[in-house]
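Notes follow once the structure below has been shown.
The values are calculated or read from the model by the stated rules, or taken from the named source; none is laboratory data. Values in this document were obtained by computation on a predicted structure and should not be read as measured data. All Cβ positions, glycine included, derive from the backbone under ideal geometry; neighbour counts span all protein chains shown. Ligands, DNA and RNA are excluded from the accessible area calculation, which covers all protein heavy atoms including side chains. Shrake-Rupley method; radii C 1.70, N 1.55, O 1.52, S 1.80 Å.
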Amino acid sequence: MKRMIVLLLTMLSIVVFSQEIDNYEEEIVKEEHIKGKILYLENTVKNGYNEQDGIKEIEEYRVRILEGEDKNKEVLVQSPIYLEKAYNIFIREAQDVVLYKESSDETGNTYYIVDIDKRDSILLLIGIFMTLTILIARFKGVKALVSLVIVIFIIYNVFLPSIANGYSPILISTLCALLCSIITIFLTTGFSQKGVVAILGAVAGVVIAGSMSMYFSYKMAMTGFVSVEALNYSTLLQGIKVREIISGGVILGSMGAVMDISMSISSALTELKSVASNITKKEIFDSGMRIGADIIGTMVNTLILAYIGSGILSTLFIYLQKEQFPLIRILNFESVAADIVRAFAGSIGILVAVPITSYLCCIMFTKKNS
């Protein structure tokens, strides 16, 4: 019965999530982009271009349209090769591409190659992940995937719309973190004592991480516009509490790691209690701290390395310009300061989750012991 409920939840979440995305795209996207397949390079035009144009040559590809009113039709599509390599799209034969369709009463439909179609590769990667999860963790892997679908659904249908409507990112991210923690842990462990302890420990760690990030964000007078893109699209952020987004991101970003360490400690101490029923509160707390210390050795690096990895290009730019900017200037770039706050506030949440979870375990697991 439980398996049927889990599978039904999975199907329902995927269907609703897909419908929401489709509705969103129909409302927002005005331009028409369709899928095409490169058949072969038909011609290369090298005359008539110079450095002022920024174009080296024009490649003409024979492309088969795979969607829309011209489906299965073969058309000739031009793709410019720029002198600046960063602007070029690297096209190969038999490759799927994204075409922009421009309609005109005089010339009919004209197509332009705007990108490589990455959807099949994305689906393949997700498929490998899901397959390995189920093969290795079996039914628990299925439940983990169900929780992941629900968490993504909550983020895209509750968290982001709420922030866009002007609600506090800190409040919304805290509520979403609480909801996601409950769903994930209960789907993993069921309605058990160790699950309750893990949820309470995770929420406490996440709230402290968010509080730390909020305090230091305001202390450093951060604006929330941590990138050039954010400044360029500032008009779209009217009515949104941008300054709180850093803290909201810390709460959501640290949730997984904090939940992991809380669940690990709670599960380990539950097993310890089952084999040593006369264990005292102090012994359980000390065991939890020792287990947590071992986990912290690698877990503390998790968020810091994750944020460094996600911002590796920005970090590289700063490194390449280290001779131009003194340390006092680098550390005061808002993007750098924001990443430092995210990484260390999240890691503080991981650290405090250890004693909190251990203490909750010793209280709840030894009610009848001294």
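Expressed as cubic angstrom per residue, what is the convex hull volume of the alpha carbon set of the stretch 197-280? Numbers along the way, then the final one.
Working: hull volume 8.4 nm³, N = 84.
Spread over its residues, the Cα hull of the stretch 197-280 gives 100 Å³ apiece.
For the stretch 35-97, how big is Rg over Rh, using alpha carbon atoms and the Kirkwood form of Rh? Walk me through the numbers on the way to the answer.
Details: Rg = 12.9 Å, Rh = 12.5 Å.
For the stretch 35-97, the value is 1.03.
With 19 Å as the limit, write out which pairs from LYS35/LYS73; LYS194/LYS273; LYS118/LYS143 have Cα-Cα distances beyond it, or answer none.
Going by Cα-Cα distance, LYS118/LYS143 fall outside the 19 Å limit.
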Quick one: which of 202-215, 236-249 comes out on top by average Cβ neighbours within 10 Å, and what's the full order, highest first? 202-215, 236-249
With a 1.4 Å probe and every protein chain kept in, tell me what percent of the accessible surface of the stretch 256-370 is carbon plus sulfur. 65 percent
In whole Hz, with x marking every Gly and Pro, tabulate ³J(HN,Hα) for the stretch 170-181 from phi via Karplus 6.51 cos²θ - 1.76 cosθ + 1.60, θ = phi - 60°. 5, 5, 5, 5, 5, 5, 5, 5, 4, 5, 5, 5
Mark the label point 7 Å from the Cα of MET289 along Cα→Cβ and return the residues of the stretch 342-359 whose backbone N is within less than 20 Å of it. 348-359
Give the residue from VAL207, ILE185, SER217 lying farthest towards the positive end of the charge dipole for the stretch 128-267; charges sit on Cβ (+1 for Lys and Arg, -1 for Asp and Glu) and the dipole is referred to the Cα centre. ILE185
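In the neighborhood of SER173, defined by Cβ-to-Cβ distances under 15 Å, what is the net charge if each Lys or Arg adds +1 and each Asp or Glu adds -1?
Values: positive: LYS241, ARG243, ARG342; negative: GLU244.
Here the count lands on +2.
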Out of all Cα-Cα pairs in the chain, roughly what percent, to the nearest whole number, are more than 26 Å apart? 66 percent
If packing is taken as the mean number of other Cβ atoms within 10 Å per residue, what is the order of 356-364, 253-261, highest first? 253-261, 356-364
Suppose R0 equals 56 Å. What FRET efficiency, 1/(1 + (r/R0)^6) with r the Cβ-Cβ distance, do ILE89 and VAL275 give to the nearest 0.05? 0.40
Between TYR112 and ILE340, what length in nm is gained on full extension when 0.36 nm per residue of separation is reduced by their alpha carbon distance? 77.9 nm
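Measuring with a 1.4 Å probe in the full set of protein chains, what accessible area per residue, in whole Å², belongs to the chain?
On the way: 22300 Å² over 370 residues.
Here the residues of the chain average 60 Å² of exposed surface.
I'd like the carbon and sulfur percentage of the solvent accessible area for the stretch 149-189, probe radius 1.4 Å, heavy atoms only, ligands and nucleic acids excluded. If you can, show how the numbers build up before the last one.
Values: 1370 of 1790 Å².
Looking at the stretch 149-189 in its full context, I get 76 percent from C and S.
Report Rg(Cα)/(2.2 N^0.38 Å) for the stretch 88-160, keeping two decimals. Intermediate values should be presented prior to the final figure.
On the way: Rg = 19.4 Å, N = 73, 2.2 N^0.38 = 11.2 Å.
Against the compact-globule rule of thumb, the ratio is 1.73.
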Quick one, what does Rg over Rh come out to for the stretch 139-265 if you take C-alpha atoms and the Kirkwood Rh? 1.03
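Using a Förster distance of 51 Å, how high is the FRET efficiency between LEU171 and SER103, based on the Cβ-Cβ distance and rounded to 0.05? Numbers along the way, then the final one.
Values: r = 46 Å, r/R0 = 0.89.
Result of the calculation: an efficiency of 0.65.
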